[in-house]
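Enquirer: The structure that follows is given in the form of structure tokens.
What follows draws every value from the coordinates through simple rules; no lab data is involved. Treat the numbers as computed from the prediction; the structure is a model and nothing was measured. Because the Cβ atoms are built from the backbone with ideal geometry, glycine has one as well, and the counts that use them run over all protein chains shown.
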Amino acid sequence: MPEQQVNLSLQERITVVSIDFDYKILGEIGTNCYLLYNKDNREAVLIDPADEAKVIKEMIASKNCTLKAILLTHGHYDHIGAAAEISKATKAPIYAGEYEKEVLANPDINLSAMMAEHPIRLIADKWLADGEVIEIGGMAIRCIHTPGHTEGGMSYYVENANILFSGDTLFAASVGRTDFPTGSMSELVRSIKSKLLILPENTKVFTGHGESTSIIYEKQYNPFLS
């Protein structure tokens with residue numbers, strides 16, 4: 001996906017009391033890394049620490065946050081490059097989908113062997129099940145298993161903020177690639193239609209690359225889902 005800024009106009013910012021987020025576009029292919037935090041207690045979760053650990057640390061510090069968890073939408077190298085360093089520096093555990101173990105651990109499958117500066121082998125501290133709700137920093141986050149881009153891909157839905165972090169499953173008017181190991185186009189489309197498009201239509205979707213979108217927009221205009 002081309003590097004684009006996430007749409008964050010004042011009208012589109014999270015309006016639910018206590019929850020806000022920041023983001024950085026990181027790495028050679030422009031991955032969106034999100035810092036979701038509770039404004040009352042300044043506790044935060046980091047979603048997809050793609051690369052550039054120093055920049056991520058600065059983002060956390062700029063919001064005066066304490067990082068409580070690192071959530072991975074999937075195990076490709078461009079979404080996990082700084083995970084180990086950030087986890088070590090902050091003591092925040094790493095969370096990932098329970099079916100993503102092989103992708104995270106195998107540099108050939110997570111693409112780091114051929115595309116990153118060095119091979120990446122990662123083991124999460126906690127493996128997440130489909131439908132599991134985790135409570136971190138006063139924020140309830142529903143874990144939605146969305147295979148297709150990878151076997152164990154996870155999307156994260158924050159119901160009381162009406163936002164979804166879709167990783168590389170769903171993009172604005174597009175979907176993630178399925179030609180990498182463990183990918184499947186049929187699984188991807190099924191995941192989106194059966195698990196994401198059933199969310200409230202005004203749900204704001206923050207993607208792994210490129211600009212944000214919404215469930216209602218994707219229902220109406222995404223050519224891969226018609």
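Enquirer: With +1 on the Cβ of every Lys and Arg and -1 on the Cβ of every Asp and Glu, and nothing else charged, how large is the dipole of region 10-221 about its Cα centre, in debye rounded to the nearest 20?
Expert: On the way: 20 positive and 29 negative charges, 88 e Å.
About 420 debye.
Enquirer: Pull up the DSSP beta bridges for region 61-157 and report the antiparallel fraction as a percent, rounded to 5. Present the calculation step by step, with values, prior to reporting the outcome.
Expert: Values: 8 of 13 bridges.
The antiparallel proportion sits near 60 percent.
Enquirer: Sorting 139, 114 on the 10 Å Cβ count, fewest up front, what's the list?
Expert: Working: 139 21, 114 9.
Result, fewest neighbours first: 114, 139.
Enquirer: To continue, here is another question. If contacts are Cα pairs under 8 angstrom and at least 6 residues apart, what is the relative contact order of region 10-221 in percent?
Expert: Details: 498 pairs, mean separation 31.8, N = 212.
Value for region 10-221: 15 percent.
Enquirer: For a footprinting-style exposure proxy, rank 169, 73, 213, 66 by other Cβ within 10 Å, fewest first. Provide the component values of the computation, followed by the final result.
Expert: Values: 169 28, 73 31, 213 23, 66 16.
The order, fewest Cβ neighbours first, is 66, 213, 169, 73.
Enquirer: Treat each spin label as a single point 7 Å out from the Cα along the C-beta direction, and report the residue 89 to residue 64 distance in nm.
Expert: 2.0
Enquirer: In Å, what Kirkwood hydrodynamic radius results for region 113-226 from the alpha-carbon pair distances? Don't skip to the answer; put the middle values down first.
Expert: Numbers: mean 1/r = 0.0678 Å⁻¹.
Radius from the Kirkwood sum: 14.7 Å.
Enquirer: Further question: Cα gyration tensor of region 66-159, axes a ≥ b ≥ c as square roots of the eigenvalues: rounded (a/c below 1.5), prolate (a/b > b/c) or oblate? The partial results should precede the final answer.
Expert: Numbers: a/c = 2.41, a/b = 1.33, b/c = 1.82.
Verdict is oblate for region 66-159.
Enquirer: Also, I was wondering about something else. Based only on other Cβ atoms within 10 Å, what is the fewest-to-most ordering of 157, 77, 221, 99?
Expert: On the way: 157 22, 77 25, 221 12, 99 19.
Listing 157, 77, 221, 99 from fewest to most nearby Cβ atoms yields 221, 99, 157, 77.
Enquirer: Taking the Cα centre of the chain as the origin and placing charges on Cβ (Lys, Arg +1; Asp, Glu -1), which of 225, 103, 165 is farthest toward the positive end of the dipole?
Expert: Farthest towards the positive pole: 165.
Enquirer: I'd like the per residue volume of the convex hull spanned by the Cα atoms of region 19-96, given in cubic angstrom.
Expert: Values: hull volume 5.7 nm³, N = 78.
Convex hull volume per residue, Cα atoms: 73 Å³.
Enquirer: At 7 Å along Cα-to-Cβ for each site, give me the label-to-label distance between residue 125 and residue 113 in nm.
Expert: It works out to 2.9 nm between the two label points.
Enquirer: To the nearest Å, what is the center-to-center distance of region 167-185 and region 74-148, using C-alpha atoms only?
Expert: The two parts, judged by their Cα centres, are 17 Å apart.
Enquirer: What does DSSP give for region 121-226 in terms of the percent of beta bridges that are antiparallel, rounded to the nearest 5?
Expert: Working: 15 of 19 bridges.
In region 121-226, DSSP labels about 80 percent of beta bridges as antiparallel.
Enquirer: Right, something else. Would you kindly calculate the translational diffusion coefficient of the chain, applying Stokes-Einstein with the Kirkwood radius from alpha carbon pairs, for 25 °C and a viscosity of 0.890 mPa s, and quote it in µm² s⁻¹ without decimals? The partial results should precede the final answer.
Expert: Numbers: Rh = 17.1 Å.
Calculated translational D: 144 µm²/s.
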